[in-house]
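Let me begin by presenting the structure, written as structure tokens, before commenting on it.
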Amino acid sequence: MLKHKLQEDLRQSMLAKDALRTSVLRMLLSSINYYEIQKGGAGYEATDEDVLSVIQKEVKQRKDSIEQFSRANRQDLVDKETKESQILQTYLPKQMSEDEIRRLATNAIQEAGASSLQDIGKVMGVLMPKVKGKTDGALVSKIVKEHLTR
């Protein structure tokens, strides 16, 4: 299980005295524990899919923080958040290219019988299970909107 791998990696980073990696993994495991409490309380064990969604959420938070810190000219914080994001991304599956997403979006539009922007919900319902964990949902939404407004 991915959660157990994270716990083992935390132990290894502590032994290696890798402060940044240790900090990121502690934060991530804390987020996973919080997720488990929210989901089912004591005894609920997060699945690998749950863990991946928590990691994606953390990566998205880092991305948002990087944008904010860039606007505030805080390069030191941009660098820190970038390093944290890179560590988190090592636990995500290989991300899909834009071309792959476009191809899947075209297929999903045909499968859903979508013809206008009003059908975006149908298309996203077909497409998201295929790309979950492999790409950013905002990018998928943007590509689907481009296809539907042609």
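Taken together, the values in this text are just the output of simple stated rules run on the coordinates, not laboratory data. Just so we're clear, the structure is a prediction, and the values are computed from it rather than from any experiment. Neighbour counts are summed over all protein chains in view; Cβ atoms, including those assigned to glycine, are modelled from backbone coordinates with ideal geometry.
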>> At 7 Å along Cα-to-Cβ for each site, give me the label-to-label distance between ASP99 and GLN118 in nm.
In response: 3.6
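Under a point-charge model restricted to the Cβ atoms of Lys and Arg (+1) and Asp and Glu (-1), what is the dipole moment magnitude of the chain relative to its Cα centre, in debye to the nearest 20? Could you put the intermediate results ahead of the total?
Values: 25 positive and 22 negative charges, 32 e Å.
In total the dipole reaches around 160 debye.
Per DSSP H run of n ≥ 4, the term is -39500 (n - 2.57); total these for the chain, divide by its residue number, and report the mean residue ellipticity at 222 nm rounded to 500 deg cm²/dmol. Don't skip to the end; give the middle numbers.
Numbers: 7 runs with 114 residues, N = 150.
Per the formula, -25500 deg cm²/dmol.
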>> Test of understanding: ordering TYR91, TYR35 by Cβ neighbours within 10 Å, fewest first, what list do you get?
In response: TYR35, TYR91
>> Are there any trypsin sites (Lys or Arg not before Pro) in region 27-79 that are in a DSSP loop and have at most 15 other Cβ atoms within 10 Å? List them by number.
In response: ARG74
> How far is helix 48-71 tilted off the main Cα axis of the chain, in degrees rounded to 10, range 0 to 90?
Replying inline: 90
>> Give me the mean projected area, in nm² to one decimal, of the convex hull enclosing the Cα positions of region 98-148.
In response: 2.9
> Can you tell which of LEU88, VAL24, SER116 lies farthest toward the positive end of the dipole of the chain, using +1 and -1 charges on the Cβ of basic and acidic side chains (Lys, Arg; Asp, Glu)?
Replying inline: SER116
> Using θ = phi - 60° and the Karplus form 6.51 cos²θ - 1.76 cosθ + 1.60, what ³J(HN,Hα) does each residue of region 9-26 get, whole Hz, x for Gly and Pro?
Replying inline: 5, 4, 4, 5, 5, 5, 5, 7, 6, 8, 4, 5, 4, 4, 4, 5, 5, 4
> Counting alpha carbon pairs within less than 8 Å and at least 6 residues apart, what relative contact order, in whole percent, applies to the chain?
Replying inline: 19
>> Can you return the lysines within cross-link range of LYS57? Criterion is Cα-Cα under 19 Å, with same-chain partners fewer than 8 residues away left out.
In response: LYS3, LYS5, LYS39, LYS80, LYS83, LYS94, LYS130, LYS132, LYS134, LYS142
> SER13: net charge of surrounding residues, Cβ under 15 Å, Lys/Arg +1, Asp/Glu -1, itself excluded?
Replying inline: +2
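Can you give the percent of C-alpha pairs in the chain whose distance is more than 17 Å? Each step should come with its number before you reach the end.
On the way: 7566 of 11175 pairs.
It works out to 68 percent of all Cα pairs.
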> With Cβ to Cβ distances under 12 Å as the rule, what net charge do the other residues near SER97 carry (K, R +1; D, E -1)?
Replying inline: +1
